[in-house]
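Structure provided below as structure tokens; questions to follow.
The values are calculated or read from the model by the stated rules, or taken from the named source; none is laboratory data. A quick note: this is a predicted structure, and the numbers were derived from the prediction, not measured. Cβ placement follows ideal geometry from the backbone for every residue including glycine, while neighbour counts extend to all protein chains displayed. The protein model used for the area step is the full one, side chains on, heavy atoms only, and it has no ligands, DNA or RNA in it. Shrake-Rupley method; radii C 1.70, N 1.55, O 1.52, S 1.80 Å.
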Amino acid sequence: MSLKAVLFDFNGVIINDERIHLQLIDEILIAENLQPQKVSERQASLGRSDRTYLQELLKSRGRVDNEEYLTKLLHRKAQAYVQELDKIAKLPLYSGVEDLIYQVRSRKIAPENPQSVKIGLVSGAIRPEIELVLERAKLAEYFSVIVAGDDITTSKPEPDGYLLAVERLNQAYPDLDLKPQECLAIEDTPAGIAAAKQAQMQVVGVANTYPFHMLQRCCNWTVDYLIELELDRVQEIYLQKNVKLTAPEC
């Protein structure tokens, strides 16, 4: 088995923008004459798609929603997100993310397979927000596949986003013959970790959002910062014959 693809989460792994998202959701709720988020709701939002989370907030407040209404609110949030990022001179990217992306780009799948390891992104954020950040950070060209929250109808911890990323990578690179077990997911929340594990992928937990000890129970590898990830060691383990990698249960 070889490591053929590394799939990044977005919010909480690439960019530290949780505060912005929670603020914008509160602004939407207030504009709709609804109660802002409770502390417990904010905690439950971590790792979930914007659409699913907003839908649950509306339902809990007795507001009847439909797809058109939800889409309108999400587009309003995306426009406000652009405005908020415009106010920031330097994007709050997490330390080490650019270095890790460059490391992955330089990797070959195996000595006998000269193809480069592919890079993808699987997130519950909607595509305009993701593309805005990647373009501004000058990272967009390195992502072969992006699965955004508006590409699927489910949310993490369901595995659909990760499985769709595998499907799209195989469409883009027919010779890759990618299987989920040949992917490495990088996540920061229990919901995201569960999604990758349900897709039969190996997982790196980065302690940007939850404490190290909480993620360590669930992941194949756990780091405080992405710069600490020993990609050489990870790739060596994938290349070992007859080794079945299984992430521990939480």
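Taking into account only those residues within the stretch 183-192 that are modelled with pLDDT of 95 or more and over 12 Å from Ser123 (Cα atoms), which is farthest from the chain's Cα centre (by Cα)?
Among them, the one singled out is Cys183.
Additional query: So how many residues does the stretch 159-195 have that are without any contact (Cβ under 8 Å) to a residue 60 or more places away in the chain and acidic (Asp, Glu)?
Residues in the stretch 159-195 being without any contact (Cβ under 8 Å) to a residue 60 or more places away in the chain and acidic (Asp, Glu): 3 in total.
Please specify each residue of the stretch 28-48 satisfying the condition of being closer than 24 Å to Glu158 by Cα, part of a helix (DSSP H, G or I) and touching a helix residue (DSSP H, G or I) at 6+ places or on another chain (Cβ under 9 Å).
Hits for the stretch 28-48 are Glu41, Arg42, Ala44.
State which residue is most open to solvent (accessible area, probe 1.4 Å) when the search covers only the stretch 120-177 and only residues that are among the polar types (S, T, N, Q), modelled with pLDDT of 95 or more and more than 11 Å from the chain's Cα centre (by Cα).
Of everything passing the filter in the stretch 120-177, Gln171 is most open to solvent (accessible area, probe 1.4 Å).
Across the stretch 54-84, what is the total count of residues that are of a type in the set (D, E, K, R), modelled with pLDDT of 90 or more, open to solvent by less than 50 Å² (accessible area, probe 1.4 Å) and within 19 Å of Thr153 (Cβ to Cβ)?
Residues meeting the conditions: 1.
Related question: Does at least one position in the stretch 24-33 carry a residue that is open to solvent by less than 30 Å² (accessible area, probe 1.4 Å), in contact with a strand residue (DSSP E or B) (Cβ under 8 Å, 6 or more places away or on another chain) and closer than 28 Å to Leu226 by Cα?
No - not one qualifying residue is present in the stretch 24-33.
For the stretch 120-161, enumerate the residues that are under 19 Å from Tyr94 (Cα atoms), among the small types (Gly, Ala, Ser) and in a loop (DSSP other than H, G, I, E, B).
Hits for the stretch 120-161 are Ser123, Gly124, Ala125, Ala137.
Across the stretch 97-119, what is the number of residues that are open to solvent by 20 Å² or more (accessible area, probe 1.4 Å), in a strand (DSSP E or B) and of a type outside the set (Lys, Arg)?
Looking only at that region, the number is 4.
Any chance the stretch 9-27 includes a residue that's of a type in the set (A, V, I, L, M), in contact (Cβ under 8 Å) with a residue 60 or more places away in the chain and part of a helix (DSSP H, G or I)?
Scanning the stretch 9-27 turns up at least one residue that is of a type in the set (A, V, I, L, M), in contact (Cβ under 8 Å) with a residue 60 or more places away in the chain and part of a helix (DSSP H, G or I).
Also, I was wondering about something else. Kindly provide the set of residues from the stretch 156-202 that are closer than 21 Å to Ile237 by Cα and of a type in the set (S, T, N, Q), ordered by number.
Within the stretch 156-202, Gln181, Gln198, Gln200, Gln202 meet the criteria.
Right, here's the next one. For the stretch 181-204, which positions are over 13 Å from Cys218 (Cβ atoms), assigned to a helix (DSSP H, G or I) and open to solvent by less than 30 Å² (accessible area, probe 1.4 Å)?
Glu182
Now, a different point. Would you check if Arg51 is among the charged types (D, E, K, R), touching a helix residue (DSSP H, G or I) at 6+ places or on another chain (Cβ under 7 Å) and open to solvent by 30 Å² or more (accessible area, probe 1.4 Å)?
For Arg51, the condition - among the charged types (D, E, K, R), touching a helix residue (DSSP H, G or I) at 6+ places or on another chain (Cβ under 7 Å) and open to solvent by 30 Å² or more (accessible area, probe 1.4 Å) - is met.
Among (1) part of a helix (DSSP H, G or I); (2) within 18 Å of Gly124 (Cα to Cα), which single condition is Asn208 missing?
(1)
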